[in-house]
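Beneath this line is the structure, given in structure tokens, with notes to follow.
The values are calculated or read from the model by the stated rules, or taken from the named source; none is laboratory data. The structure displayed is predicted, hence computed values, not measured ones. Glycine also receives a Cβ, built like all others from the backbone with ideal geometry; neighbour counts cover every protein chain displayed. These area figures cover heavy atoms from the full protein model, side chains too; ligands, DNA and RNA do not enter into them. Shrake-Rupley method; radii C 1.70, N 1.55, O 1.52, S 1.80 Å.
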Amino acid sequence: MTHEPPSAEATIAEIVQRLSGQFPTYPTSTILEVVTDAYDELKDARVRDFVEVLVEKQAKKHLKHLAR
């Protein structure tokens, strides 16, 4: 039995939801764009186990940078 990873859309939606709570001053559209860009950079990674964590970390870093 193999474990099917969540779809890109589901992964992105979950991350956007979490980050929206952490960055309430940003419009959801901005957070979605940042998360989508981060996901696109890692979407072809051979090892998929940590993609969600890495995307969220990268998006969070970018949003903090925008706040400066």
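With n ≥ 4 as the cut-off for DSSP H runs, can you work out [θ] at 222 nm for the chain, using -39500 (n - 2.57) per run divided by the number of residues, rounded to the nearest 500?
Numbers: 3 runs with 46 residues, N = 68.
So the helix-based figure for the chain works out to -22000 deg cm²/dmol.
Solvent-accessible area assigned to carbon and sulfur over the chain amounts to 55 percent, based on a 1.4 Å probe.
Report, as a whole number in µm² per second, the diffusion coefficient that Stokes-Einstein gives for the chain at 25 °C and 0.890 mPa s using the Kirkwood radius over alpha carbon pairs.
200 µm²/s
Packing-based ranking of 11-17, 54-60 yields 54-60, 11-17, ordered from highest to lowest mean Cβ neighbour count within 10 Å.
Please compute the per residue accessible area over the stretch 1-65 with all protein chains in place, 1.4 Å probe, rounded to a whole number of Å².
74 Å²
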